Amino acid sequence: MREGAPDCPLAVDTMDNASSAAYGAYFERLYVIQEEKVMYQGGRGPEGYKISELRSWLDQYKTRLQSPSMVVIQV
């Protein structure tokens, strides 16, 4: 993920699930957060993960960054 968007901060839990234990997170989800706003929220994982949906969102976002015109992103 860092190779695709090197300037984008990335946050993940540790392998011992310290964040999950500290905050009581039960289901895992994939999120994209920009400027303190949730831009993408995936389904409850791991069964609800739609990696292709997240990839599509990221590809559209990358295209928007490279294009001066406005692009509507739908997921």
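The values are calculated or read from the model by the stated rules, or taken from the named source; none is laboratory data. What you see is a predicted model; the values in this text were computed from it and never measured. Backbone-built Cβ (ideal geometry, glycine too); neighbour counts: all protein chains shown. Side chains included, ligands, DNA and RNA excluded: accessible areas come from the protein's heavy atoms. Shrake-Rupley method; radii C 1.70, N 1.55, O 1.52, S 1.80 Å.
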Review point. Given the conditions (1) charged (D, E, K, R); (2) surrounded by 11 or more Cβ atoms within 10 Å (Cβ to Cβ); (3) without any contact (Cβ under 8 Å) to a residue 40 or more places away in the chain, and given that LYS37 satisfies all but one, which numbered condition is not satisfied?
Key: (2)
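Could you tell me how many of the residues in the range 45-68 are assigned to a loop (DSSP other than H, G, I, E, B) and at pLDDT below 85?
Result for the range 45-68: 6.
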Check your understanding: List pairs: first in the range 42-55 and on the phi < 0 side of the Ramachandran plot and free of Cβ contacts under 8 Å to residues at least 40 places away in the same chain, second in a loop (DSSP other than H, G, I, E, B) and open to solvent by 100 Å² or more (accessible area, probe 1.4 Å), Cβ under 8 Å, 6+ apart or cross-chain?
Key -> GLY42/LYS50; GLY43/LYS50; GLU53/VAL75
